[in-house]
Amino acid sequence: MRSGTLVLGIGNPIKSDDAIGLRVAERVRDMGLKGVTVEEESTSGLEIIDIIMDYERVIVIDAISTGRHAPGKVSLHRPEEFDHMVMPGSSHEINIFTALEMGKRISPERMPRDLCLVAIEAKDLETISERLTPELERAIPEAVRTV
């Protein structure tokens with residue numbers, strides 16, 4: 001059984017702003033925090049359940065696209081806020097919120113007791129590029145502080 005804290009950056013490294021979770025996780029890893037495991041994953045959906053199981057605390061970092069905030073807006077979300085973000089669908093369309101809810105139902109005793117999402121509002125999730133937009137590049141320090 002794993003213990004401690006997992007910082008999990010999620011994203012696609014070649015889809016512009018979708019890489020923000022990976023980039024923030026890299027910065028957190030560079031800090032060398034004791035008791036903190038840092039992972040970077042280019043996956044979402046059901047695979048997330050296996051990655052986060054058995055940790056006491058998990059901080060997920062990911063891009064979001066709500067259209068309600070300016071690109072680069074960093075926000076912190078707790079599980080009680082996830083309920084309205086859970087969406088039914090096929091397994092290849094499962095978002096992180098739905099995956100976390102499924103994990104609680106499948107194996108509640110193995111899911112983290114403390115879980116949060118550091119979300120960064122994206123500007124461009126479609127362009128094939130290894131570069132973030134300037135707005136998200138500027139958001140990295142705030143996202144690291146939030147983690």
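The values are calculated or read from the model by the stated rules, or taken from the named source; none is laboratory data. Just so we're clear, the structure is a prediction, and the values are computed from it rather than from any experiment. FYI the Cβ positions are ideal-geometry reconstructions off the backbone, even for glycines, and counts take in every protein chain you see. Surface areas here come from the heavy atoms of the whole protein model, side chains and all, with no ligands, DNA or RNA. Shrake-Rupley method; radii C 1.70, N 1.55, O 1.52, S 1.80 Å.
Couple of notes before you dig in:
- Subset of segment 1-36 (residues that are under 20 Å from MET111 (Cβ atoms) and open to solvent by 50 Å² or more (accessible area, probe 1.4 Å)): MET1, ARG2, SER3, GLY35
- Restricting attention to segment 9-41, the residues being of a type in the set (Gly, Ala, Ser), under 22 Å from GLU135 (Cβ atoms) and outside any helix (DSSP H, G or I) number 2.
- Meets criteria (at pLDDT below 95 and either open to solvent by 30 Å² or more (accessible area, probe 1.4 Å) or aromatic (Phe, Trp, Tyr) (or both)) for ARG68: yes
- Residue count for segment 91-147 satisfying the condition of being under 16 Å from the mean Cα position of the chain (by Cα), crowded, with 16+ Cβ neighbours inside 10 Å and assigned to a helix (DSSP H, G or I): 13.
- Any hit, segment 74-83, residues being open to solvent by less than 50 Å² (accessible area, probe 1.4 Å), under 24 Å from PRO13 (Cα atoms), in contact with a helix residue (DSSP H, G or I) (Cβ under 7 Å, 6 or more places away or on another chain) and at pLDDT 90 or above: yes
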